[in-house]
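The values are calculated or read from the model by the stated rules, or taken from the named source; none is laboratory data. Being a predicted model, the structure only gives us computed values, none of them experimental. When we count neighbours, we look across all protein chains shown, and the Cβ atoms used for this are built from the backbone with ideal geometry, even at glycine.
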Amino acid sequence: MPGGETTDDTSADLPVFGLDDVPALPSGDLRQLLGGKGAGLVEMRRLSIPVPPAFVLGTPLCGRFLASGWPAGLEAAIDRNLAALEKATNRRFGDSHSPLLVSVRSGAPVSMPGMMDTILNLGANRATISALAARRRDERFALDTWSRFSRMYASIVLGLTVEDLGDPPARDASAAHLQEDIDRVHAACSRRGTPIPDDPRAQLRGAIEAVFRSSRSDRAQVYCAREGLAQGIPTAVVVQSMVFGNLGPLSGTGVAFSRDPSTGANEIYGDFLLDAQGEDVVSGARKSEPLAAMKRQMPHTFDELCNVVGLLERYYRDLCDVEFTVQKGQLQVLQVRPGKRSAVAAVRIAVEMANAGLIAREDALRRVTREQMQQIKVSRSVRKGAIEIASGVAASPGVASGLVCLHPDRVAEMAANGHAVILVRPTTSPEDVHGMEKSAGIVTSTGGMVSHAALIARGWGIAAVCGVEALVFEPQLSVGGHVVREGDWLTIDGGTGAIYLGDCAESGGDPPTELNTLFAWGSELGIAPGGDPADASTARGDGRGIDPFVLMRSIALLGIAADARLATVLAVPLDVARAAVDALPPGHVGRSARGLQLTPDGKRWLQAQLAAERMGVDAGRANSLYEAFAEVDTVLKRVIAGWQVREVDGRDVINDHGDADYDATMRAMLWAVHSKAAPLIDELLALAPRLELYRARLARAAAAVDAGDGTMIASPFKDSYHTVWFELHEELMHLAGRDRATEEAAASGAALH
């Protein structure tokens, strides 16, 4: 790889990793090191999801490069990982017989859709493309691949503009026309004195440098400012073997969401394109089809995709946005990230995931941001009697009226003058975000639910209608046959996809039905939707909103309760927990240097409460439920034992947690236990609603384990899964009229026989 080297690092010290060579790290640390895209690939690989071979240049290299140039040793580290990629794919980079082409993708630690650069089909030159055409017996496919690479490299790495390059070839362009486009692009680059390198390794270095530089681009800075992120977030670089969705009717590409990102409906949702590459879908340049089209055309591959998407949602416990390619019927997953969602969807998804036991209720409250709550509060509707003139894809819900503007550069000026603006474009690109940010609504003539316009609009709570076929720009702007000029009023409904002439919006709109549930949880837990304790209901500010029965039972089960531990158990701020204790009847709780403890009077009061509760419980149901929990308890004990001790060469040894795959298996087994326990907990709460906190505590512990904190499996010093489970076991014995001594005697007798 050509170029001077400016630092003293050796290649062995540099953070460059193959997907199977990454150190075992918690999910958060993994994202910081490898970026979201790289971390997702590593985790999917560990989940046995089909992922094309790749290696990742970690985020620290971005800062080093921007500060002092290409790090010493990086060339050798890349060559070493390229060799591993060649071995995994049985192809060679730059080879004239069996060529390896790669993609070079950015990946910041936080999701920034489209803000940094990606280059596909890298390694293309006359020799490799000729070999590709011969291997695939398809000259047109090979030339289409080369044309796409040439245009991406010319614009992203070399800085040529659309005007420099001219319009891209038509989708059905012949091989001859594709070759003409390639020659034209290469000639334009050469005239500028910046020819596209023929050497694939030179191409790779240029692409890596360009991706690093894109982290400081104007569009990235605008996005960070809008999202409240620090400026200059470094990016990792993912170098991945290409898979091709443009290989005919058994190939394609798409983006799938585990739930509908506009409404929150619990069903797989997304866009798909046959015989296409990923940029065709995300850019919105081509009209995509719903995933139902994939189900019709590739039923078995569609079923595999549904299984993968479902697994990823359970693993991440969040709405997942999954990018995939199908090459000759074979599914390959390229990316997973948290899905951008509308405010309405955020509320519904948070509540439904909490009810399903995927997340704790306090997590659900924090999943809905303050900005999303505000968007719901100021929601609008279309005035009755308004006449619809056109429609498109309902890409981002919300009703917006504003003055039509055709160029993102002018949106900010119009918005600064106090005007609401509807940005109307054929499609949007990352270069348009400065105008999108100031828009009240966005309309595009192409693209669908996963186009750039839709993703950004949903994330920012901007109403959007995409893929409006009745939107025409030449010879003059018209919508549904109605001539529209810049400065005219349009109203759009991003929830239905409808477009209206004039200002037809009025205040009011139906909030999601799950919002009342979220408010009720917020009142119970002292956390306002949006997760800011400062905005919490004052009903708990003095601690009097906490049930004394729940509070004293928690202290009793803890034995001696430190204030901080009690606050964790109750899921309230420390000062609220202390205030709740102070509000108890005098003489029920004593305080020592070690913590809080029930007094004899407190124990008598609590025993009376427990006896009254047990008398009101259906004993048959309680015993049946206890037996069901006992079966799950047996599995949990195996998980805890396996986490602490593992078998090596036929003998048991203390688990030193040096085997990342083994530990990952144990964490997955714990998640299986948690999933089995969820419906049982629902039944338990029907018997004793005061036990609601156990659902949140178990979910919180399971989430911590899944994120990499193994101590949350069984540490007695934390609110770990086993700690919470032990207390829950005590509650079940109480409700079923059993006691610990009887249970242990029964267990010993069973063991003897």
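Go through (1) in contact with a helix residue (DSSP H, G or I) (Cβ under 8 Å, 6 or more places away or on another chain); (2) at pLDDT 90 or above and name the single condition GLY448 misses. That leaves (2) as the condition not met. When residues in segment 321-358 are screened for being part of a loop (DSSP other than H, G, I, E, B) and surrounded by 24 or more Cβ atoms within 10 Å (Cβ to Cβ), 3 of them pass. Set side by side, the residues ASP318, ASP363 differ, and just one is acidic (Asp, Glu), buried (at least 20 other Cβ atoms within 10 Å of the Cβ) and either closer than 25 Å to ARG105 by Cβ or touching a Pro at 6+ places or on another chain (Cβ under 8 Å) (or both), which is ASP318. Taken over segment 153-194, the residue count meeting the criterion of being in a helix (DSSP H, G or I), under 21 Å from ASP280 (Cβ atoms) and touching a residue at least 24 places away in the same chain (Cβ under 8 Å) is 10.
Of the residues making up segment 368-425, those that are part of a loop (DSSP other than H, G, I, E, B) and under 19 Å from GLY480 (Cα atoms) are GLY385, ALA386, ILE387, GLY392, LEU406. Scanning segment 59-96 for residues that are over 28 Å from GLN327 (Cβ atoms) and assigned to a loop (DSSP other than H, G, I, E, B) yields a count of 5.
Among the residues of segment 580-600, those identified as of a type in the set (A, V, I, L, M) and either loosely packed, with under 13 Cβ neighbours inside 10 Å or part of a loop (DSSP other than H, G, I, E, B) (or both) are ALA583, LEU584, ALA593.
A count restricted to segment 167-203 and to residues that are within 36 Å of the chain's Cα centre (by Cα) and over 16 Å from ARG126 (Cα atoms) stands at 6.
Can you find a residue that is of a type in the set (Lys, Arg), touching a residue at least 12 places away in the same chain (Cβ under 8 Å) and assigned to a loop (DSSP other than H, G, I, E, B) anywhere in segment 438-446? Yes, because at least one residue in segment 438-446 is of a type in the set (Lys, Arg), touching a residue at least 12 places away in the same chain (Cβ under 8 Å) and assigned to a loop (DSSP other than H, G, I, E, B). Exactly one residue out of ALA534, ALA556, ALA593, ALA583 is in contact with a helix residue (DSSP H, G or I) (Cβ under 9 Å, 6 or more places away or on another chain) and modelled with pLDDT under 85: that is ALA583.
Of the conditions (1) surrounded by fewer than 17 Cβ atoms within 10 Å (Cβ to Cβ); (2) within 27 Å of the chain's Cα centre (by Cα); (3) within 27 Å of VAL572 (Cβ to Cβ), ALA699 clears all except one; give me its number. (1) is the only condition that ALA699 fails. How about segment 601-658: which of its residues are small (Gly, Ala, Ser), surrounded by 15 or more Cβ atoms within 10 Å (Cβ to Cβ) and either part of a loop (DSSP other than H, G, I, E, B) or without any contact (Cβ under 8 Å) to a residue 40 or more places away in the chain (or both)? If the condition is that a residue be small (Gly, Ala, Ser), surrounded by 15 or more Cβ atoms within 10 Å (Cβ to Cβ) and either part of a loop (DSSP other than H, G, I, E, B) or without any contact (Cβ under 8 Å) to a residue 40 or more places away in the chain (or both), then GLY642 is the only one that fits.
One line per residue, one yes/no per condition, for (1) modelled with pLDDT of 90 or more; (2) outside the structural domain of ARG191 (by TED's automatic domain parsing); (3) surrounded by fewer than 24 Cβ atoms within 10 Å (Cβ to Cβ):
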site	(1), (2), (3)
SER111	no, no, yes
ALA133	yes, no, yes
THR145	yes, no, no
PHE149	yes, no, no
SER155	yes, no, yes
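Residues of segment 612-634 that are of a type in the set (Ser, Thr, Tyr) and touching a helix residue (DSSP H, G or I) at 6+ places or on another chain (Cβ under 8 Å): TYR626 alone. Just one of the numbered conditions (1) farther than 27 Å from ALA454 by Cα; (2) crowded, with 19+ Cβ neighbours inside 10 Å; (3) of a type outside the set (Val, Ile, Thr) is not true of ALA84: (2).
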